[in-house]
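The values are calculated or read from the model by the stated rules, or taken from the named source; none is laboratory data. Predicted, not measured: the structure shown is a model, and the values here were computed from it. Glycine gets a Cβ as well: all are built from the backbone with ideal geometry, and neighbour counts include every protein chain shown. The protein model used for the area step is the full one, side chains on, heavy atoms only, and it has no ligands, DNA or RNA in it. Shrake-Rupley method; radii C 1.70, N 1.55, O 1.52, S 1.80 Å.
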Amino acid sequence: MNLRMGCDVGGTFTDFLLHDLDTGAITTLKVPTTPDAPEDGVMQGLATLARQHPGMLTDLMALIHGTTLVINAILERKGAETALIATTGFPDILETRREIRYDIYDIRQRFPAPLVPRRRRREVTERILADGSVDIPLNEEEALAILRELIADGVTSVAVCLIHAYANPVHEQAIARLVRDHDLALDLSLSSEVLPEIQEFERTATTVINAYVRPKVNTYLGQIEAGLARSGYARPLFLMQSGGGVIAAPAARAAPVRLAESGPVGGALAARALAEAAGYMDAIAFDMGGTTAKTCLIAGGEMPVTRTYEVDRVHRFKKGSGTPIAVPTVDLIEIGAGGGSFASVDTLGLIRIGPESAAADPGPACYGRGGTRATVTDANVLLGYLDPSDFLAGAMQLDIQAAEDAIACDVGTPLGMTPIEAAAAIIEVVNENMAQAARMYVAERGGDLERAVMVAFGGGGPLHAHQVARKLGVREILIPEAAGVFSALGFLAAAPAYEVARSRPMLLAEVTPEILAETFAPLAAEAEAVVSQAAPGATITHKRIAEMRYVGQGHQLRVPLATLDPTAIAAAFTATYHAAYGYAYDDLEPEIVTLRLAAVADQPTAPVTGGGPATEIVATTRQAWDPTIGRMSAHQVLPFAAVSGVITGPALLSQPGATVLIGAGAQAERKPGGWLAIKLEARS
């Protein structure tokens, strides 16, 4: 058999999707995530699938994995004991940041606590100038003493971030050599390897994150690979990157900072492919899981890749209040609004949702695993949207009485509402929260929601999409097959790819094709070495990009390079600048700051569409909440696979791992490609 598998570890569930390339058959599975040891949940799910498909692990051609391990380690401060070695005079870059106030009117503004405390930052005598020349040689005796001192202090991982190391890495490499030569028990992350780019704060912050999570990721991947080997899987393990490409485990171990958003990105990639299949170039991906909801704007069919992504924001919607991860990352917004998000009443008598979550342990009250606090999932059960006897395709029975008790205690009684009224209010608030976050995110990026289609997936996305879309003014929703594990399918739809960069500031007027070719050559070799691990023997293509600006500016624009001719590059920069700002200058001189090269393997990937004949099943009905009339009403109920023709809401469609809500007045049609297209009712 020709099998490939995607595995997505989320905060509440671990999703699996097994794809048979020969027949197109898809098998899905959701199992509870095991937060203390996520590898256990992965192996349990694989064992379940192996029992259903004898010989699966030996026949498996590829296993592509996405994980929340990196982002969770950052948010929960559960990384390694990490230190920072900086050039003398620069130990506090993590706190001085860029000396920019993200809110000029907030005199009490805060920033995330640095991952490396002041007592574990060390200064070493050395200095490289911006042109790469050595001004002060590295004091190796001092550096060795610092390394030994850090070991004595319990440090296991070190970020080495020396000034202008992107221009000349010789001193960082010398520190790495000291560790090797003296057999020191330290894991080193060099900024000249993690992010050899200009901008000291971004380079330092990104390298520190890499150092902070690398020992944990290395241990985790080692346990996964050992478990796979014991189970009979003998091929490499692949990981999904935040930027959208697949890499092999050795490359992921070296730069785990590139895995921060590896899970959500799979869904965004699959959403783009599904939107294109439906004839849309603009889409908003809406992924609601058990712990968080994610939104990604896809404009013109292009994934919004950025190198200014932030994590651990003090203020969720204020750019600059977080810690930057300056590696290629799909630009999405993540909010604490998932099925397991707690609902409560604050001191003002307002309902609050999240960001705290019941996650997988103990889970919502209705799971019957010891949870007692009200969650969004409890509200959905009480309102009739979820069938207590058919949750996760019958693998879990839900306790509706426990859900009612939790909602009455946490929300209903404090507000003088019945449990049903309180549950409806919870759903209204969480939908408004998600719509507000998406509205702000899209507006900041110049998107047009009325022109875009919403692709809804995840365990909760298809259930909440109708009301969120109405609030946003989106007119059509696409629900894929296997919506509950759509991110895992996105892993299989991604090609092996890797992007590398080098900062080399130079005036465009002084650039020649030969200079550019000379600079791109080592980038191509580095990127191809990583991609060839994931796709041996595959044809590899290159995408070249220049980050450019006018002389004197502080920010760059990404300019795709179709040629190395400076005249054509100037024209491309002018067009890109005009598209971004509505004008361009003819009296300012352009300059190239950083050159980037992405290597992409030409390798078959899984389609995100399928479709088959509808099964003959008679629809039943169930009482569920209808917000248009403010009371419970009869909803059609049938499996997603049984949909044929046009269905008019209200209706509930069940998939393994997800439930689709078609609101009153909306019309849904199953397309030949297998997805469901929901046309929303006209708004009054």
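Here Lys471 is the anchor, and the aspartates and glutamates within straight C-alpha reach of less than 17 Å, apart from those fewer than 8 places off in the same chain, are Asp287, Glu428, Glu432, Asp448, Glu450, Asp626, Glu681.
As a quick test, which of the pairs Lys216/Lys294; Lys318/Lys679; Lys319/Lys543 have an alpha carbon distance above 31 angstrom in this structure?
Details: Lys216/Lys294 25 Å; Lys318/Lys679 34 Å; Lys319/Lys543 29 Å.
From Lys216/Lys294; Lys318/Lys679; Lys319/Lys543, over 31 Å: Lys318/Lys679.
In terms of the Cα gyration tensor, with a ≥ b ≥ c the square roots of its eigenvalues, is segment 370-457 rounded because a/c is under 1.5, prolate because a/b exceeds b/c, or oblate? Show your work: numbers first, answer last.
On the way: a/c = 3.11, a/b = 1.64, b/c = 1.89.
Oblate shape, in that a/c is at least 1.5 and b/c is the bigger or equal ratio.
Residues whose amide H falls under 5 Å from that of Asp331, counting only those 5 or more places apart or on a different chain, are Val305, Thr306, with hydrogens built in the peptide plane.
Using a 1.4 Å probe on the protein heavy atoms, what percent of the accessible area of segment 210-355 belongs to carbon and sulfur?
Values: 2390 of 4490 Å².
Using a 1.4 Å probe with all protein chains present, segment 210-355 comes out at 53 percent carbon and sulfur.
For semi-axes √(5λ) of the Cα gyration tensor in Å, the value computed from the atomic coordinates appears in the list (1) 43, 35, 22; (2) 43, 27, 26; (3) 59, 44, 23 under label (2). If R0 is taken as 60 Å, the Cβ-Cβ distance between Asp153 and Val618 corresponds to a FRET efficiency of 0.30.
Report note on the peptides 7-16, 310-319, 292-301, 118-127: ranked by the mean count of other C-beta atoms within 10 Å, highest first, their order is 7-16, 292-301, 118-127, 310-319.
Oblate is the label for segment 78-151. Its Cα gyration tensor axes, ordered a ≥ b ≥ c, give a/c of at least 1.5 and b/c at or above a/b.
Only helices enter the 222 nm calculation for the chain: every DSSP H run of n ≥ 4 contributes -39,500 (n - 2.57), and dividing by all residues gives -9500 deg cm²/dmol, rounded to 500. Taking every alpha-carbon pair under 8 Å whose residues sit at least 6 apart, the chain reaches a relative contact order of 12 percent.
Per residue, the solvent-accessible area of the chain (1.4 Å probe, heavy atoms of protein chains only, all protein chains present) comes to 40 Å².
Measuring nothing but protein heavy atoms, the accessible surface of segment 9-93 at 1.4 Å probe radius is 54 percent carbon and sulfur.
Since only His578, Thr605, Thr620 are under comparison, the one whose Cα sits farthest along the positive direction of the charge dipole of segment 577-626, derived from C-beta charges on Lys, Arg, Asp and Glu, is Thr620.
With the simple model of a label 7 Å out from the Cα in the direction of the Cβ, Tyr585 to Lys319 spans 2.0 nm.
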